[in-house]
Amino acid sequence: MTKQLPWLVVGQGALGSLMAVQLARQNQSVQLKLRQSQRVTIAYEQSSHSFTGTIGINCPSLIFAAVKAYQVAPLLDEFRQQPLFDQSQLILSYNGMLSNEAEQLRPQDWHWVTTHGAYRDGNQVVHGGHGESWLGGMAGQTTPPAFFSQLEQALPPLHFSSDINLRRWYKLAVNCLINPYTVIHQCRNGELPERVAPAEWRQVADEIVQLAAARGRQLDAEDLLAQARRVIAQTAANRSSMLQDYRLQRPLELDYLNGFVVTASAAEGMVAPANQLLCERIKAMQATRDPQ
Ligand code: KPL
């Protein structure tokens, strides 16, 4: 029997915290990557879970990193300095797309794409929406890795995908159709269908379909909208990650979502005015609100 590697969870946000707790509940050995070695307690449902924090990779590990898109490059730079990274497996989860993903990630790395919604309230993590997740490899691996069942048991349902980039396009679309609107309307996901004009939503989706087609990927706008509606129903009570970031005056992932659609479309010689307008509206809101 092969020895199970311990988990190192990176990302103290809602999804990282939720995964750490759920892995620990499955009796997995879990450490959190922190800026300093300390013990951290995360409250979930009626119980509290205490974790040891570590600053680096101190043994070959399964690394689960649920981070913001803008944290991926610095995190990988840091990991590449650590000798044990070569013997560790990395599972990355972030919203949106980076312009240079193929250069950043190793072929043996994995993407975890999720529609689960969660938020943190102090040290309490709330699983605000029960969605589903997909795991797939950077190199289009055709069989699930050995750790698949551990992740599946921790946060089901989990599907294996040999074409994870298709899931990532869907997730990009879902986040572009939900997240900015929750900031504009300052509302939970479930309130969006009555607030967003259908024609505007359709145009945001059309522009994503157009970009995907330019990159050799055929998507369907109605299918993207149906997926967004399904995620909204599954996560109705959740505050989107962008709304949480906006309220806490943290950087937003806009440039990796609707902003990515605008810049990647421009690189293909196309325009994406509906996505551009969403970026402008949110940037205007950030610029004119009262400082905290
Ligand atoms: O991914 C999400 C997010 O908030 O970033 C969804 C699935 C929309 C849940 O809120």
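The values are calculated or read from the model by the stated rules, or taken from the named source; none is laboratory data. Since the structure is predicted, the reported quantities are computational estimates derived from the model, not experimental observations. Cβ placement follows ideal geometry from the backbone for every residue including glycine, while neighbour counts extend to all protein chains displayed.
Some notes on this structure:
- Residue within segment 83-92 that is within 16 Å of the ligand (Cβ to nearest atom), hydrophobic (A, V, I, L, M, F, W, C) and closer than 23 Å to Trp169 by Cα present: yes
- Residue in segment 220-271 that is nearest to the ligand (Cβ to nearest atom), counting only those that are among the acidic types (Asp, Glu) and assigned to a loop (DSSP other than H, G, I, E, B): Glu253
- Qualifying positions in segment 65-102 - farther than 29 Å from Thr263 by Cβ and hydrophobic (A, V, I, L, M, F, W, C): Leu84, Phe85
- Only residues that are among the aliphatic types (A, V, I, L, M), in a helix (DSSP H, G or I) and surrounded by fewer than 20 Cβ atoms within 10 Å (Cβ to Cβ) were counted in segment 143-192, giving 2.
- For segment 25-52, a residue qualifies if it is part of a strand (DSSP E or B) and more than 22 Å from the chain's Cα centre (by Cα), and the qualifying residues are Arg39, Val40, Thr41, Ser47, Ser48, His49, Ser50, Phe51, Thr52.
- Failed condition for Glu280, given (1) part of a helix (DSSP H, G or I); (2) closer than 21 Å to Asn165 by Cβ: (2)
- Residue in segment 197-209 that is closer than 28 Å to Ala267 by Cα, within 14 Å of the ligand (Cβ to nearest atom), touching a residue at least 60 places away in the same chain (Cβ under 8 Å) and among the charged types (D, E, K, R) present: no
- Cβ separations smaller than 6 Å between residues 6+ apart or across chains give the following pairs from segment 234-249 residues that are touching a residue at least 24 places away in the same chain (Cβ under 8 Å) and closer than 14 Å to Ala14 by Cα to residues that are of a type in the set (A, V, I, L, M) and near the ligand (Cβ under 10 Å from one of its atoms): Ser240/Ile178.
- Trp169 vs. criteria under 30 Å from Pro145 (Cβ atoms) and either of a type in the set (Lys, Arg) or away from the ligand (no atom under 12 Å from the Cβ) (or both): yes
- Pairs where the first residue, in segment 164-176, is within 15 Å of Gly136 (Cβ to Cβ) and the second is within 12 Å of the ligand (Cβ to nearest atom) and assigned to a helix (DSSP H, G or I), C-beta under 6 Å, 6+ apart: Tyr170/Gln227
- Complete set of residues in segment 269-280 that are surrounded by 14 or more Cβ atoms within 10 Å (Cβ to Cβ) and more than 17 Å from Tyr170 (Cα to Cα): Met270, Ala272, Ala274, Gln276, Leu277, Leu278, Cys279
- Of all residues making up segment 143-157, the number that are in contact (Cβ under 8 Å) with a residue 24 or more places away in the chain and either within 15 Å of the ligand (Cβ to nearest atom) or charged (D, E, K, R) (or both): 2
- Within segment 43-66, the residues that satisfy the criterion of being at pLDDT below 95 and under 21 Å from Thr114 (Cα atoms) are Tyr44, Glu45.
- Within segment 53-82, considering residues that are part of a helix (DSSP H, G or I) and among the aromatic types (Phe, Trp, Tyr), the one nearest to the ligand (Cβ to nearest atom): Tyr70
- Extreme residue, nearest to Trp110 (Cα to Cα), among residues of segment 38-64 that are small (Gly, Ala, Ser) and surrounded by fewer than 17 Cβ atoms within 10 Å (Cβ to Cβ): Gly56
- Scan of segment 149-182 for residues that are of a type in the set (D, E, K, R) and closer than 30 Å to Gln276 by Cα, ordered by number: Asp163, Arg167, Arg168, Lys171
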